[in-house]
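First the structure, in the form of structure tokens, and then the observations on it.
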């Protein structure tokens, strides 16, 4: 394929992106007294010092504006056991099922998921315009870690990644 060819059409490039395997996370924040959140598959560790994540949010997402107006957010990196929670946050039709007190801490700081492989309370440091999306850079102010197999997004589906057997 020649590299001086025309750029891919959006539908073709969307297919390319669907084949990029990535971890998934729920990003949560407060909108006044109302918890808001969304599922992201664009999260990556940005640095250790300072402890930062980078993730992207589609500007049309229902929680985008609340997140952009917040000073802090919660990040929950999801494991295989969290697939149903991921689906709640991926579907606007299931929005009423989100933030159940048995699954979420809603007392102090940003809304915090009780599950996941790792959770962090984060300060939102900067937001960059990236066309149809905003790029959020956040610094973790607290974190917790558990063990288990991760949940990943690949080819428009969520999949549990099985651990590699130890020799």
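The values are calculated or read from the model by the stated rules, or taken from the named source; none is laboratory data. Being a predicted model, the structure only gives us computed values, none of them experimental. Please note: Cβ atoms are built from the backbone with ideal geometry, for glycine as well, and neighbour counts cover all protein chains shown.
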Scanning region 68-96 for residues that are more than 19 Å from residue 23 (Cβ to Cβ) and either in contact with a strand residue (DSSP E or B) (Cβ under 8 Å, 6 or more places away or on another chain) or at pLDDT 95 or above (or both) gives 68, 69, 70, 71, 72
Of the candidates 111, 101, 150, 165, the one satisfying the condition of being under 15 Å from the mean Cα position of the chain (by Cα) and more than 24 Å from residue 48 (Cβ to Cβ) is 111
Checked against (1) surrounded by fewer than 16 Cβ atoms within 10 Å (Cβ to Cβ); (2) over 17 Å from residue 80 (Cα atoms), residue 137 satisfies every condition except (1)
Check: Just to be sure, is residue 39 surrounded by 18 or more Cβ atoms within 10 Å (Cβ to Cβ) and part of a strand (DSSP E or B)?
Finding: yes
Conditions (1) at pLDDT 95 or above; (2) closer than 24 Å to residue 106 by Cβ; (3) surrounded by fewer than 20 Cβ atoms within 10 Å (Cβ to Cβ) -> residue 62 fails only (1)
How many residues of region 142-167 are free of Cβ contacts under 8 Å to residues at least 60 places away in the same chain, more than 23 Å from residue 20 (Cα to Cα) and surrounded by 10 or more Cβ atoms within 10 Å (Cβ to Cβ)? The answer is 3
In the set 109, 115, the lone residue that is within 26 Å of residue 71 (Cα to Cα), part of a loop (DSSP other than H, G, I, E, B) and touching a helix residue (DSSP H, G or I) at 6+ places or on another chain (Cβ under 6 Å) is 115
It is to be established whether one or more residues within region 6-18 are within 17 Å of the chain's Cα centre (by Cα) and touching a residue at least 60 places away in the same chain (Cβ under 8 Å). yes
| said: On the basis of being part of a strand (DSSP E or B) and modelled with pLDDT of 95 or more, does residue 46 make the cut? | reply: yes
*Within region 66-81, is there a residue that is in a helix (DSSP H, G or I) and exposed (fewer than 15 other Cβ atoms within 10 Å of the Cβ)?*
yes
